[in-house]
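The values are calculated or read from the model by the stated rules, or taken from the named source; none is laboratory data. These numbers come from a predicted model, not from an experiment. Counting neighbours? That spans all protein chains shown, and the Cβs are built from the backbone with ideal geometry, glycine included. Quick note on the areas: whole protein, heavy atoms, side chains included, nothing else; ligands and nucleic acids left out. Shrake-Rupley method; radii C 1.70, N 1.55, O 1.52, S 1.80 Å.
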Amino acid sequence: MVFPSRGCITCKTRRIKCDSVHPICGRCQKASRDCAWDQNEAAGLLFKSENAFAQGKPRRPWKPREREEDAIVAIPSEIVPENHVSLSSLEDYDASHFWLENYVFRDDEIPEFAREYSHYLVFYRNRAQPSSSLRLVMSAFSYALSGRAMREDKAIEKASDLFAQGIAKMQAELSELSQDNIDELIVTTMLMASYENVMYRDARHRTENNMYRGMGHRTREGVALPPSIPNVTGSEFWKDVCHHKGAAGLLKLRQQHGWTPNLALDRAVRRQLIRTCILRGIPAGGWFHDGAYFGEEGPVLSLDSIVVRVATLRSNSLPLFLPKSRRFVSELRPADIVAEARDLDTDLESWSRTIPADWKFSIESCPEPGAAFDGLTHVYATHGHGTVWNRYRATRLIVSSIRRRALAVMAQCSSMGTSTNAEQDVCLEKIGSLSRDLCRSVPFFLTSPVNPAQDNGFSRVVNIGGKEVYTNEEILPKLATLLAWPLTLAISTDGVPEPQKQWLKQQLKSISSALGDAVLEILTEDNEDSEFQF
């Protein structure tokens, strides 16, 4: 979701700057023209669909629509069942049931500090009207997941139709934005991003939704990028697939209006948005920096303040990817980047050393050696603790990589005349150590073979929140979600030893398959789009 520039339709049609004064702007008043406004402008927030079909534009012919009686069956609001359905038995479940069983954590399965926005979807779904954008987009997402899992074209077609309806409904809901519906719209916007990731490779969706790729110009947050900045930084790719800017806009509007914050939801959304800022190579907005305002505390708050600074470092470091002939035209100051990276690395090291005792982990032999990189695995208090540790490792990985790259650029500058080889070697050593620990953390999130004596119809088991969950999958989608971001950064980081990188890439392939995430699939492939670097 994107937010177009404000202004009256008359000025936009004439392609002149509008002062956005209601009900008649200055230019229209001066020229005695009719001043026409979009009906949603009065709400102070515009929603612009990134999906061409949702805007009423034609798409290529497809199969006939399903009959009305084939609509999705509403599922009861009781707690998610204990056992998680295998993909192979999907026919016994409707699309929403499949999604809830496999993708949503129960309260006792994940601590609050590691929850994603999806944790709160069921609550808001149960409160939402049947015709709301949230219900429509949630149904679309459920059909997209089940359709991809079972390769059912009919389900994919249903998902596309429902998503288009959700887009149109959200237009109307945003025109009535208030304290009462903003939470529902925030989770809907985040879910739209997840839907886009699942459907990214679908031919119908790509032709309808792809507005940026191949258009001959490249921008980052509205600022033109030099044509020689390679897309390997990933900034352009992530811009194409994220609706997260819209969710950030809604959070900001909540602050501006002085509406009562929903701290639990806002925290979960903000955490994901900051991680997206790092992927996109943009700094987090100043209003976004203070995690304490959103209720973060303890080790999570300490790490949060560092991660926000890393987003800025990542943004400032993008000119390092410029060719040497253009690098210094960009006002790049590699010495400043090195200095900031050193400070961040020191703070990250301090975070890991001062962590409370109940956050520490042990290193044990992996019960299933084939599932481990070097036969060893970490054991954490919960999957939430392991998640935060992995986000620390991934963050420190890219800090070390950026520092190493900036040091190499410094060495190329004859005016500095100083060798940086020793410090580059230190960075490389840290990258190797962090990637090894990241490899050792992965088996903790995977399922293990069931004891042959237990004949319960399932082949694998994993302990979540102190309870055994049986399945036939190597990793549950809900646990795969927690690994996606750190592994994405690790396989994209320059300097990660090749054995670790290839092993982590294989794990990310399994994760992308479990999640049905087409974007993650692209990252693990050997093609131009997947060559991101940090």
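Structure notes:
- Top-ranked residue in region 310-331 [being open to solvent by less than 20 Å² (accessible area, probe 1.4 Å) and in contact with a Pro (Cβ under 6 Å, 6 or more places away or on another chain); ranked as modelled with the lowest pLDDT]: S315
- Candidate set: region 103-130, residues that are over 30 Å from G298 (Cα atoms) and crowded, with 17+ Cβ neighbours inside 10 Å; chosen: the one modelled with the highest pLDDT: A128
- Residue match in region 494-502 (condition: at pLDDT 90 or above, in a helix (DSSP H, G or I) and either under 17 Å from V104 (Cα atoms) or open to solvent by less than 10 Å² (accessible area, probe 1.4 Å) (or both)): no
- Looking across region 355-367, the residues that are in a loop (DSSP other than H, G, I, E, B) and surrounded by 10 or more Cβ atoms within 10 Å (Cβ to Cβ) come down to I355, K360, F361, C366, P367.
- Here L428 clears all of (1) surrounded by fewer than 24 Cβ atoms within 10 Å (Cβ to Cβ); (2) modelled with pLDDT under 95 except the condition numbered (2).
- Some residue of region 136-154 being at pLDDT 90 or above, open to solvent by less than 30 Å² (accessible area, probe 1.4 Å) and over 24 Å from L476 (Cβ atoms): yes
- For beta carbons closer than 6 Å, sequence separation of 6+ or different chains, a first residue in region 274-292 that is at positive phi and a second that is part of a helix (DSSP H, G or I) and open to solvent by less than 10 Å² (accessible area, probe 1.4 Å), the qualifying pairs are G281/T233; G281/S235; G281/R314; G281/L318.
- Residues being of a type in the set (K, R), under 16 Å from A514 (Cα atoms) and out of contact with any helix residue (DSSP H, G or I) (no Cβ under 9 Å at 6 or more places or on another chain) - total across region 438-482: 1
- Residue in region 445-460 that is assigned to a helix (DSSP H, G or I) and modelled with pLDDT of 95 or more present: yes
- If you go through region 267-306 and pick out every residue that is over 15 Å from the mean Cα position of the chain (by Cα) and part of a helix (DSSP H, G or I), you end up with 16.
- Every listed requirement among (1) outside any helix (DSSP H, G or I); (2) touching a Cys at 6+ places or on another chain (Cβ under 8 Å) is met by R201 save one, (2).
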